[in-house]
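To start, the structure under review is shown below, and the notes come after it.
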Amino acid sequence: MVAELAALEDPRAREVNEKHGDDHGVNLGKLRALAKRLKTQQELARQLWATDDTAARLLAILICRPKKFERDELDVMLRQARTPKVHDWLVNYVVKKNPHCEELRLAWFADPDPVVASAGWALTTERAAKNPEGLDLAGLLDVIEAEMKDALDRLQWAMNHCLAQIGIEHTEHRARAIDIGERLGVLKDYPTPPNCTSPFAPIWITEMVHRQNDK
């Protein structure tokens with residue numbers, strides 16, 4: 001299987017991926033096609049994860065059974081997920097579908113490791129958008145206001161996403177979310193391609209609300 005993954009290596013894909021901190025050169029479309037052929041195989045997924053190879057771990061995420069992982073197992077896996085793509089896929093494709101998701105969200109949110117904490121924020125953003133009952137949204141804005149400006153890259157990005165999502169989904173917090181974004185200026189100068197929405201929270205919030213109102 002590792003040899004089959006190696007055969008999918010594309011030097012140009014690796015060059016692009018490495019600019020984003022991902023050490024693999026596998027075309028993701030071809031990787032998904034391979035996963036579709038393999039179908040769900042939990043034991044193979046665990047074996048692939050154990051190789052410590054980024055492409056193998058991405059394939060493992062695509063063929064695993066998210067609900068079959070224990071809480072502590074997912075905690076270890078997140079800490080092993082060195083690259084942004086593996087980290088993001090693990091959180092979005094596996095942890096969000098696992099019964100221990102909320103427990104892990106709370107544990108990771110408070111973790112001193114900023115990369116682990118970014119996973120807690122990503123899960124919190126999901127809840128703020130889809131299941132906000134019980135979340136202290138004003139309290140989250142307090143933390144973002146106090147800590148986002150000086151947070152490390154991946155944690156800052158996750159906090160910024162949460163700020164934008166609160167502003168987009170919750171009218172009563174929108175003005176404050178935009179104000180925090182304006183004052184902190186985080187990602188204000190982020191290079192944004194044409195036809196893409198800027199990650200700068202005030203622009204992001206305004207654009208998404210405008211789209212919702214146009215529907």
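Reported count of residues in the range 15-24, each being more than 15 Å from D52 (Cα to Cα), of a type outside the set (K, R) and either surrounded by 14 or more Cβ atoms within 10 Å (Cβ to Cβ) or without any contact (Cβ under 8 Å) to a residue 24 or more places away in the chain (or both), is 4. Scanning the range 76-88 for residues that are surrounded by fewer than 19 Cβ atoms within 10 Å (Cβ to Cβ) and outside any loop (DSSP other than H, G, I, E, B) returns V76, R79, Q80, P84, D88.
Residue count for the range 101-115 under the criterion of being part of a helix (DSSP H, G or I), over 11 Å from the mean Cα position of the chain (by Cα) and surrounded by 15 or more Cβ atoms within 10 Å (Cβ to Cβ): the result is 7. Against the test of being under 30 Å from L106 (Cβ atoms) and surrounded by 15 or more Cβ atoms within 10 Å (Cβ to Cβ), the options L34, L5, L48, L44 yield a single qualifying residue, L48. W89: within 26 Å of M1 (Cα to Cα) and among the aromatic types (F, W, Y), yes or no? Yes: the conditions hold for W89. Against the test of being within 15 Å of A158 (Cα to Cα), surrounded by 14 or more Cβ atoms within 10 Å (Cβ to Cβ) and at pLDDT 95 or above, the options N98, N92 yield a single qualifying residue, N92. Among the residues of the range 62-79, those identified as touching a helix residue (DSSP H, G or I) at 6+ places or on another chain (Cβ under 8 Å) and not aliphatic (A, V, I, L, M) are C64, R65, P66, K67, K68, F69, R71, D75, R79.
The values are calculated or read from the model by the stated rules, or taken from the named source; none is laboratory data. Predicted model only: the values in this text are computed from it and were never measured. Every residue, glycine among them, receives a Cβ derived from its backbone with ideal geometry; neighbour counts consider all protein chains shown.
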